[in-house]
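Since the structure comes first, as structure tokens, the remarks are kept for the end.
The values are calculated or read from the model by the stated rules, or taken from the named source; none is laboratory data. Note that the structure is predicted; figures quoted are calculated from it, not measured. Because the Cβ atoms are built from the backbone with ideal geometry, glycine has one as well, and the counts that use them run over all protein chains shown. Each accessible area value is taken on the protein alone, full model and side chains, heavy atoms only, with ligands, DNA and RNA left out. Shrake-Rupley method; radii C 1.70, N 1.55, O 1.52, S 1.80 Å.
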Amino acid sequence: MKVIIDTNLWISFLIGHQAHLVRRMLTDLRFDVYVCSRLIEEIRDVAVRDPKDLYLLALADTIGADYIVSGDADLTDLGQHNQTRIIKITDFKARMF
């Protein structure tokens with residue numbers, strides 16, 4: 001069976017999400033996984049754009065975080081990721097202390 005895995009799943013795989021499923025797809029002889037240079041380029045672009053953001057968002061998902069407290073506008077401009085609110089330290093301080 002010929003399979004193409006989308007960029008978002010490759011990124012999830014790289015940060016530890018969907019690792020079991022993607023690894024299984026890669027090792028199961030029933031599947032022929034196809035990539036092209038453009039797909040690899042897109043994965044690389046997404047992964048290097050700001051890898052720490054990817055890891056923070058993955059960590060938030062993994063632990064079920066209520067907040068990510070950050071001074072990074074790339075993150076705080078998101079405002080929320082799934083169930084995790086993303087706020088600046090000053091806003092966190094005002095809410096919690």
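Summarising the amide proton neighbourhood of I86: residues at separation of 5 or more, or on other chains, whose placed amide H is nearer than 5 Å comprise I68, G79, Q80, H81. Within the accessible surface of the chain, defined with a 1.4 Å probe on protein heavy atoms only, the carbon and sulfur portion equals 56 percent. Rounded to the nearest 20, the Cβ-based charge dipole of the chain about its Cα centre (Lys and Arg +1, Asp and Glu -1) stands at 240 debye. When only the Cβ of Lys, Arg, Asp and Glu is charged (+1, +1, -1, -1), the dipole of the stretch 1-40 relative to its Cα centre reaches about 40 debye. Shape summary: the chain maps onto an equivalent ellipsoid whose semi-axes, from the alpha-carbon gyration tensor, are 34, 15, 8 Å in decreasing order.
Based on protein heavy atoms only, the stretch 30-87 ends up with 66 Å² per residue of surface accessible to a 1.4 Å probe.
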